[in-house]
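One structure is given here, and the rest of the page talks about it.
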Amino acid sequence: MTVEIALVFLITACALSLFATQKLPIDVTALGILVTVMAVPLVFHSEWLVDRGVNLKAAFPTVSESLSGLSNPATVTVLCMFILSGGIQRSGMIHLAAKKLMPVVGDSEIRELVIIGGLIGLISGFINNTAAVAIAIPLMLDMSRRRDYTASRVLIPLSFFGMMGGTLTVIGTSTNILTSSILADSPEFGRSLSMFEFTHIGVIILSVGLLYFLTIGRILLPKEDARPVANEKEEEFVVELSVAHDSELIGKELDETEFEDKSGASVLKLVRGGRSWIDKAKKTEIKAGDVIIVHATVRQIMDLVTDDQVEVLSDFDGTRHARSESHVVPVLLRSRQVFDGRKPPQVNFWKRYQARLIGLDTRRIRSRRLADEELRVGEVVLLDISRTALSQLHRSFDVVVLDEFRDYFGRGRMITAGSIVALVVLLAALTPLPIVLTALAGVIAMVVTGCVASSDMYDDVAWDVIFLLAGVIPLGIAMTKSGGAEWVGSLIAVYTLGWHPVLVLMALYVVTTLLTEMVSNNASAVILVPIAISLSEKLPLEPLTLVLTIMFAASTTFLSPIGYQTNTMIYGTGAVKFTDFARVGAPLNVILMIVTSSALYWIGV
């Protein structure tokens, strides 16, 4: 071992220690690595050391190489994928899919596992899996609360399926993208991974994971949550819904149609002409023109605006309804002269503010219809308003605009956002264009079409991941230039001499899994991929086979909430115990070690 290799290993050991203990945020540690590997040859290089065989400038990255992590195709691609994932989330595509599937799930845990595995697993292959899981967590928690399920029995499969689904394509995880970039820079391989180059292995991994949760995993899932998940209720408003003349609700009872389960709204009253039902509202046969009064959150109200079965009434009459292209805005009433003791029709919101009243923030309905409710100063109401009128409303002294909810969940926006992501994937898969170029073009398209606002674009990016990539990439360069990767590869080759190739792959899988649990998936990939490339020269195994073993192992670590972001996110809900990950994840890790290693060797890529 040379002095240069020893110095690189010392820096690596310090980095691993900081990553594992998290005494500093991981992005700060990564930037510290960048500064260190950049500074070593500039500060400590000398002719005296060169004369004694220690050439730090040759062993460490130059300034431009150290900063290459910021402009590396992997870093830029991951950044773009976060923004594209944000566009998909804001379009409401996943929300709509989950909403449509919830009634299908019913009370069957098996159906629930199949749907989570299929939906989240497949989606995670085409948008960043971390973003896919982040979007799904609130939906899974809401579903657990409504059906009184144990939340951890839903959250653990959600995270694990997101990780396994990320192995389907090169853009599924940041680790895949980073690995592809390292391979492209390697003289031994010299190209990036294609979009679907290892999809067949990913399908096997996802299928085995689904089978595991339908059998062994289902038994090992927790019987109770670590603590009850806090039910952080969103602000709810009372709104009136008119039953459309062609609605499928006609002739049926609301209980029969599972209206509450599908919409999320709570039915308070049913009104028909001069009659009304409260206790029997959900047991009364619906007719065209009936008015259903419900309690619902802003998000649920926005869903109801686009529902074909009902119309959200504005100003609480039967002639006008909320518009799907408008903004929904809660406002605080503060003008005693305009509002106090007056009924909504007397205020005439349209004439005063070019807005329509669609909801009241009230716990108890005092009148038969909302149009007969008296408004009070200090109450919050929900308005449907255009962008132009909203800017004028901000200047009004009569009300205080509390927040703004843009209806991002329009069908047109879903089609646009979905088409953009599909084109990003297809162009990268079917043309010579690199994924970084199609992803950048996709981001521009998302902003130009309005799927992502320029002000929201940067909020969608997990900047700690971006700086982690930028910081650890130079460490990988140092590992290669110093000869450290080749030295470790030679050492492993000596100890595994005579082993069956599948056993070598399994050993590499175990090392990657354990290292990822101590640091992060991206950091372990940067450290181990150069070693795998070097190892291929000494063993009867292709570089790609060894590298994919590391990539899959780094992307499917289930032993703790530390190694992978999706595990950290579900652990943050408080429903999952630290030990739950190992109990459910360890058998799956062992199974995938055997399956992945065998598939890569016997089936290949």
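The values are calculated or read from the model by the stated rules, or taken from the named source; none is laboratory data. Model, not experiment: these values are computed from the prediction. Quick reminder, even Gly has a Cβ in these numbers, built from the backbone with ideal geometry, and neighbours come from all protein chains shown. The accessibility values were calculated without ligands, DNA or RNA, using every heavy atom of the protein model including side chains. Shrake-Rupley method; radii C 1.70, N 1.55, O 1.52, S 1.80 Å.
DSSP loop chymotrypsin sites (Phe, Trp or Tyr not before Pro) in the range 467-558 with at most 15 other Cβ atoms within 10 Å of their Cβ, which ones? Hits after loop and neighbour filter: Trp499. Among beta bridges from DSSP that stay inside the chain, the antiparallel ones total about 100%. Using only Cα positions of the range 522-591, each an equal point scatterer, no hydration layer, compute I(q)/I(0) via Debye at q = 0.23 Å⁻¹ and quote the log10 values to two decimals. Each listed q corresponds, in turn, to -0.94. Pairs from the table (Lys23/Lys538; Lys23/Lys481; Lys23/Lys577; Lys262/Lys283) lying more than 27 angstrom apart at Cα are Lys23/Lys538; Lys23/Lys481. How big is the Cα convex hull of the range 461-543 in projection, averaged over all directions, in nm²? In nm², the orientation-averaged hull projection of the range 461-543 is 5.8. Ranking Ala507, Gly471, Ala525 by how far each Cα lies toward the positive end of the dipole of the range 437-586 (charges on Cβ) leaves Ala507 at the top. With protein chains left intact and a 1.4 Å probe, residues in the chain average 42 Å² of accessible area per residue. The C-alpha atoms of the range 464-605 occupy a region whose extents along the principal axes are 47, 33, 26 Å, arranged from largest to smallest. Considering all different alpha carbon pairs of the range 1-56, the Kirkwood hydrodynamic radius works out to 12.3 Å.
The Stokes-Einstein estimate for the range 374-464, based on a Kirkwood radius over Cα pairs and taken at 10 °C with 1.306 mPa s viscosity, is a diffusion coefficient of 96 µm²/s.
In loop segments of the range 2-60 as defined by DSSP, the trypsin sites (Lys or Arg not before Pro) with at most 16 further C-beta atoms inside 10 Å of their C-beta are Lys23, Arg52.
Placing dummy labels 7 Å off each Cα toward the beta-carbon, the span from Leu214 to Asp372 is 5.5 nm. In percent, what relative contact order does the chain have, based on Cα pairs under 8 Å that are 6 or more apart in sequence? Relative contact order of the chain: 20 percent. Shown for the chain: the carbon plus sulfur share of the solvent-accessible area, taken with all protein chains present and a 1.4 angstrom probe, equals 60%.
Restricted to Cα atoms, the range 328-380 shows a radius of gyration and a Dmax of 10.5, 28 angstrom.
Between Leu497 and Val3, the modelled labels are 3.1 nm apart [label points 7 Å from Cα along Cα→Cβ]. If you bin the C-alpha pair distances of the range 248-320 every 10 Å from 0, what whole percents do you get? Spelled out per bin, shortest first, that is 19, 59, 22, 0. Backbone amide hydrogens, once placed in the peptide plane, bring Ala355 within less than 5 Å of Trp350, excluding anything fewer than 5 places away on its chain. How many nm separate the modelled label positions at Arg342 and Arg387, each set 7 Å beyond the Cα in the direction of the Cβ? Modelled inter-label distance: 3.0 nm. The trypsin sites (Lys or Arg not before Pro) of the range 190-285 that meet both conditions, a loop assignment by DSSP and at most 11 other Cβ atoms within 10 Å of the site Cβ, are Arg191, Lys223, Lys233, Lys280. Think of each Lys and Arg Cβ as +1 and each Asp and Glu Cβ as -1; about the Cα centre, that makes the dipole of the chain roughly 1100 debye. Taking 17 Å as the straight-line reach from the Cα of Lys351, the aspartates and glutamates in range (excluding those fewer than 8 positions away in the same chain) are Asp315, Asp317, Asp384, Asp398. Ellipsoid fit via the Cα gyration tensor, the chain: semi-axes of 54, 27, 20 Å, each the root of five times an eigenvalue, largest first. For the range 140-198, a Kirkwood radius taken over Cα pairs fed into Stokes-Einstein (37 °C, viscosity 0.692 mPa s) yields D = 242 µm²/s. Which Cα, out of Ser108, Val35, Leu370, lies furthest along the positive dipole direction of the chain (beta carbon charges, K/R +1, D/E -1)? Final value for the positive-end residue is Leu370.
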